[in-house]
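Student: Okay, here's the structure, questions in a sec.
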Amino acid sequence: GESVGLHLPTLSVQEGDNSIINCAYSNSASDYFIWYKQESGKGPQFIIDIRSNMDKRQGQRVTVLLNKTVKHLSLQIAATQPGDSAVYFCAENKEDSSYKLIFGSGTRLLVRP
Amino acid sequence: DSGVTQTPKHLITATGQRVTLRCSPRSGDLSVYWYQQSLDQGLQFLIQYYNGEERAKGNILERFSAQQFPDLHSELNLSSLELGDSALYFCASSSPTGGWDTQYFGPGTRLTVL
C-alpha cells in the first residue's frame, strides 16, 4: 500500500497495552472533533467524534478526551491490537459555519506483537 | 470496502497536463467530497457537492474544478499540473441526513506529476 506522511511522529506500543494519541487543534471556536484511522493504502475511516459540550466520549475500545482550555484532544485505545496499526489524525469543525473539516497531521501507531 | 469507488487508482502524468479523477458515491449518498493528501500538507478538504450543486469550498486551487453529475458521480479536473500537485486524492460520500460519521472515503487516486 501507499505510505502517506513518511515523517509522521510514531508511537510504538506492545500488543495488549493501551495507546494514547494526542492532537492539538488550532481554532478555539471549533465545536466538533473527529478522530480518523487510516490504514496503509486506504482512505481515512471515522472512529469517534465529540462535541465541545462534552469532555469525554467512549466507544468500543476507544475513548476521546477533549480539553478545550488548552485546545487538546486525545484518543485512547484500550488493549491495542495489531489491526490498530495505522495513521491516526484528528479533525476539527465549526458546525454552524461550514461543512469543512480541518485535519491534523497525524500520528503513526505501530503495534509490536 | 467503503462502497465509494475511485478511478483510476494510479495516474502518472507530466507538468502542464490535465487529468480527470472520477468518483462514484455509495448508493443513496447525495454528498460527494474531494480531499487532497500530500506528504507536506496532510489531508485537506477541497470541495463538496450535494445533489449536483456545490455546497462548500475549501483549499481548492483555481486550476482545479469539480462537478457532480445527475447520476451523482463526480469528477475532479486538475489542469496545468505542477510537481506539487502530486498527492493522493480522496473522494468521500455521505448520506443525505447523516453527519460526519456517515461519511465514507474511497481508496484514493495516487497522482504523480513528473
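Student: Ignoring ligands, DNA and RNA, what percent of the 1.4 Å accessible area of chain B is carbon and sulfur?
Tutor: 46
Student: What residues have an amide H closer than 5 Å to that of A:LEU110, excluding those fewer than 5 places away on the same chain, when H is modeled at 1.01 Å from N in the peptide plane?
Tutor: A:LEU11, A:SER12, A:VAL13
Student: Taking the alpha-carbon centroid of each part, what is the distance from the stretch B:72-109 to the stretch A:38-113 in angstrom?
Tutor: With the stretch B:72-109 and the stretch A:38-113 each reduced to a Cα centre, they are spaced 20 Å.
Student: At a 1.4 Å probe radius, carbon and sulfur cover how many percent of the accessible area of chain A?
Tutor: C and S fraction of accessible area: 47 percent.
Student: In whole percent, what relative contact order does chain B give with Cα contacts below 8 Å and a gap of six or more residues?
Tutor: After rounding, I find 37 percent.
Student: Follow-up. Once you've got the Cα coordinates, tell me which of A:LYS71/A:LYS94; A:LYS37/A:LYS68; A:LYS42/B:LYS9; A:LYS68/A:LYS94; A:LYS37/A:LYS100 are over 20 Å apart.
Tutor: Pairs exceeding the cut-off: A:LYS37/A:LYS68.
Student: Restricting things to alpha carbons, tell me how big chain A is in terms of Rg and Dmax, in Å.
Tutor: 13.8, 44
Student: Return one whole number: the accessible area per residue of chain A in Å², for a 1.4 Å probe.
Tutor: Counting only protein heavy atoms, the per-residue value for chain A is 52 Å².
Student: For a quick check: with amide H placed at 1.01 Å from N, whose amide H comes under 5 Å from A:TYR25's, ignoring anything fewer than 5 positions away on the same chain?
Tutor: For A:TYR25, whose amide H was placed from the backbone, the distant partners under 5 Å are A:HIS72, A:LEU73.
Student: A:ASN67: net charge of surrounding residues, Cβ under 11 Å, Lys/Arg +1, Asp/Glu -1, itself excluded?
Tutor: +2
Student: Here is a further query. Any residues in the stretch B:15-44 that have 50 Å² or more less accessible area with all protein chains than in their chain alone, probe 1.4 Å, and which are they?
Tutor: B:GLN37, B:LEU39, B:LEU43
Student: Further, regarding this structure: For A:CYS23, what charge total do you get from the other residues with a beta carbon under 11 Å from its beta carbon, if Lys and Arg give +1 and Asp and Glu give -1?
Tutor: So the surrounding residues net to 0.
Student: Same structure, new question: Given all pairs of different Cα atoms, what value in angstroms does the Kirkwood hydrodynamic radius of the protein assembly as shown take?
Tutor: 18.1
Student: Per-residue counts of other Cβ atoms within 10 Å, averaged by peptide: what ranking do you get for A:76-86, B:28-38, highest first?
Tutor: B:28-38, A:76-86
Student: Can I ask one more? Rg to Rh for chain B: what is it, with Cα atoms only and Rh by Kirkwood?
Tutor: 0.95
Student: Enumerate by residue number the GluC sites (Glu not before Pro) in the stretch B:58-114 meeting two conditions: DSSP loop (anything except H, G, I, E, B), and at most 12 other Cβ atoms within 10 Å of the site's Cβ.
Tutor: Sites meeting the loop and neighbour criteria: B:GLU62, B:GLU82.
Student: How many square angstrom of accessible surface are buried between B and A, both sides summed, with a 1.4 Å probe and rounding to 100?
Tutor: Buried area (both sides, nearest 100 Å²): 1700 Å².
Student: Counting heavy atoms of the protein chains only and a 1.4 Å probe, report the per residue accessible area for the stretch B:1-111 as a whole number of Å².
Tutor: That works out to 46 Å² per residue.
The values are calculated or read from the model by the stated rules, or taken from the named source; none is laboratory data. Here the structure is a predicted model, which means the values were calculated and not measured. Cβ sites come from the backbone with ideal geometry, for glycine too, and all protein chains shown count toward neighbours. For the accessible areas, the whole protein counts, side chains as well, though only heavy atoms, and no ligand, DNA or RNA atoms are used. Shrake-Rupley method; radii C 1.70, N 1.55, O 1.52, S 1.80 Å.
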